[in-house]
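Here's the structure we're looking at; comments come further down.
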Amino acid sequence: MSLGLLYGLAGIALVAMGLYAALAARHVLRRLLGLNVLGSGVFMMLVALASRTTEIAGRPDPVPHAMVLTGIVVAVSATALALALLRRMHRHDDSARLPEDRLP
Amino acid sequence: MAAEVHALDFVLVVLLLWLGWRALASADLFKAVVQFIVFGLLVSLAWVRLGAPDVALAEAAIGAGLAGALLLDTLARLGRKGATDEVRPLGLTPARAGIALASLGLVILLVASVLALPESWPGLTAPALQQLGASGVTNPVTATLLNYRGYDTLLEIGVLLLAVLGVWILDAEAALPAAPADPMLSLLLRVLLPLTVAAAGYLLWVGAHAPGGAFQGAALLAAGGVLWHLARPLSLPASRPVRAAVVLGFAVFLGVGVATAVFGGGFLTFPPAYAGAVILLIEAAAMVSIAVIMVALFVGRPAQGTK
């Protein structure tokens with residue numbers, strides 16, 4: 001088993017967990033954690049697959065590395081905006097759940 | 001970077017999956033967030049193992065550090081009632097069975113496609129290394145970010161700008177009750193802040209030929225800014241200089257793009273003779289902007305009249 005395959009499969013598992021949590025959880029903060037884990041899984045797949053060029057070219061592919069670097073910054077800024085929206089919803093509705101998830 | 005799999009890799013992968021799941025499924029959201037922060041730190045170890053030190057630096061500072069601070073801050077603002085969730089937040093119910101099945105189906109598709117890929121692949125490494133001489137830097141990741149795929153990075157800074165505008169547009173929130181002044185925190189700030197600025201400058205400079213660059217430097221600066229805010233609360237959106245710093249990176253990047261389109265070979269096509277200097281200029285401006293934006297994202301929009 002190669003390093004790329006091991007971490008690639010781990011990335012897939014993280015994508016699945018994150019997706020399940022983002023869709024199944026009721027608390028918005030937990031949904032956001034799910035989206036972040038999903039993102040980490042996608043980044044891990046990209047970087048893992050980039051390591052496949054090491055044998056032929058002598059180093060991992062720098063292009064996916066740059067894409068992941070961009071992705072991390074975009075993910076954290078999107079999370080920050082989503083958290084600000086969550087805090088606003090909580091201030092106005094006194095609930096951290098989306099309207100359809102609230103108890104009647 | 002060694003390509004063989006060590007026992008360490010298996011331990012790391014098992015820990016990652018366990019912590020990743022606990023970060024999602026812990027009933028106590030505070031525990032979940034703390035586990036998410038530790039998960040982020042372990043992910044950056046995985047980047048090191050996969051030969052991506054540039055990504056590891058950014059992940060440790062941004063993915064684990066800043067994202068963790070943001071999550072904890074929001075959790076504190078939600079209060080005790082807002083932060084409580086179900087006892088089994090992800091427990092399987094009939095309604096969730098469909099989601100679980102869909103996730104499982106995605107796993108099967110992804111595993112099949114990853115297994116179908118060849119074990120070894122030329123990728124874009126060779127072209128990226130061939131053009132390195134004309135890119136102005138010798139770190140291929142920096143060359144990709146600022147030269148080959150400059151568009152991506154320009155638009156990324158645009159996304160950051162939009163995020164901070166979004167946070168500022170939302171109505172003001174009351175400041176958290178101020179903690180009593182902590183002499184240790186002030187002392188730490190006085191010692192750490194100059195070190196942070198020096199280290200960020202070093203990362204910016206070294207990014208041209210070794211792991212580092214504007215994003216990693218900005219993440220360090222932002223960490224310093226967040227610490228500052230915790231010791232002495234800042235009020236960011238009020239002033240003009242802050243707004244100028246927020247748009248600086250995007251404006252300089254766009255200005256360089258327009259200048260190269262008018263006088264040179266095309267939008268963001270740097271002449272090889274000046275590429276190194278141009279990249280350093282863009283990175284310096286971007287570092288200041290990204291750092292200020294990240295601190296602004298953390299500070300949010302404090303209510304009028306609070307410090």
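The values are calculated or read from the model by the stated rules, or taken from the named source; none is laboratory data. Since the model is a prediction, treat every value here as computed from it, not as a measurement. Ideal geometry is used to build each Cβ from the backbone, glycine not excepted, and the neighbour counts take in all protein chains shown.
Can you work out which of the residues in segment B:154-173 that are more than 9 Å from every other protein chain (Cβ to nearest Cβ) and of a type in the set (Gly, Ala, Ser) is farthest from the chain's Cα centre (by Cα)?
B:Ala172
I'm trying to understand the selection: among the residues of segment B:113-153, which are aliphatic (A, V, I, L, M), surrounded by 15 or more Cβ atoms within 10 Å (Cβ to Cβ) and more than 10 Å from chain A (Cβ to nearest Cβ)?
B:Val137
Quick check on segment B:1-35: of everything there that is assigned to a helix (DSSP H, G or I) and of a type outside the set (A, V, I, L, M, F, W, C), which residue is farthest from B:Leu71 (Cα to Cα)?
Per the criteria, the residue is B:Asp9.
All but one of (1) more than 19 Å from the chain's Cα centre (by Cα); (2) in a helix (DSSP H, G or I); (3) among the β-branched types (Val, Ile, Thr) hold for B:Thr269; state the number of the condition that does not hold.
Going through (1) more than 19 Å from the chain's Cα centre (by Cα); (2) in a helix (DSSP H, G or I); (3) among the β-branched types (Val, Ile, Thr) one by one, B:Thr269 breaks only (2).
Among the numbered conditions (1) facing chain B (nearest Cβ under 7 Å); (2) among the basic types (Lys, Arg); (3) touching a residue at least 24 places away in the same chain (Cβ under 8 Å); (4) within 29 Å of B:Ala172 (Cα to Cα), tell me where A:Arg97 comes up short.
Failed condition: (1).
Being under 20 Å from B:Val226 (Cβ atoms), without any contact (Cβ under 8 Å) to a residue 40 or more places away in the chain and either in the same structural domain as B:Leu221 (by TED's automatic domain parsing) or among the β-branched types (Val, Ile, Thr) (or both): is that true of B:Val48 here?
no
So, B:Pro177, is that one at pLDDT below 90 and assigned by TED's automatic domain parsing to the domain that holds B:Gly51 or not?
Answer is no for this residue.
Could you tell me whether segment A:41-56 includes any residue that is buried (at least 19 other Cβ atoms within 10 Å of the Cβ), more than 21 Å from B:Thr144 (Cβ to Cβ), touching a Lys or Arg at 6+ places or on another chain (Cβ under 9 Å) and within 7 Å of chain B (Cβ to nearest Cβ)?
no
Scan segment A:65-73 and tell me whether some residue there is more than 15 Å from the chain's Cα centre (by Cα), facing another protein chain (nearest Cβ under 7 Å) and crowded, with 23+ Cβ neighbours inside 10 Å.
There is at least one residue in segment A:65-73 that is more than 15 Å from the chain's Cα centre (by Cα), facing another protein chain (nearest Cβ under 7 Å) and crowded, with 23+ Cβ neighbours inside 10 Å.
Checking the condition without any contact (Cβ under 8 Å) to a residue 60 or more places away in the chain and exposed (fewer than 14 other Cβ atoms within 10 Å of the Cβ), which residue from B:Ile108, B:Ile99 passes?
Exactly one residue qualifies, and that residue is B:Ile108.
Does B:Arg88 meet the test of being among the basic types (Lys, Arg), surrounded by fewer than 19 Cβ atoms within 10 Å (Cβ to Cβ) and in contact (Cβ under 8 Å) with a residue 40 or more places away in the chain?
Considered against the rule, which asks whether it is among the basic types (Lys, Arg), surrounded by fewer than 19 Cβ atoms within 10 Å (Cβ to Cβ) and in contact (Cβ under 8 Å) with a residue 40 or more places away in the chain, B:Arg88 comes out as yes.
Just to be sure before I move on: is B:Leu106 at pLDDT below 90 and at the interface with chain A (Cβ under 9 Å from one of its Cβ atoms) in the structure I sent?
Criteria not met by B:Leu106.
Condition test on B:Leu24, is it surrounded by fewer than 21 Cβ atoms within 10 Å (Cβ to Cβ), within 17 Å of A:Ala10 (Cβ to Cβ), in the same structural domain as B:Leu70 (by TED's automatic domain parsing) and in contact (Cβ under 8 Å) with a residue 24 or more places away in the chain?
Here the answer is no, as B:Leu24 does not meet what is asked.
Within segment A:83-94, is even one residue surrounded by fewer than 24 Cβ atoms within 10 Å (Cβ to Cβ), in contact (Cβ under 8 Å) with a residue 12 or more places away in the chain and among the basic types (Lys, Arg)?
no
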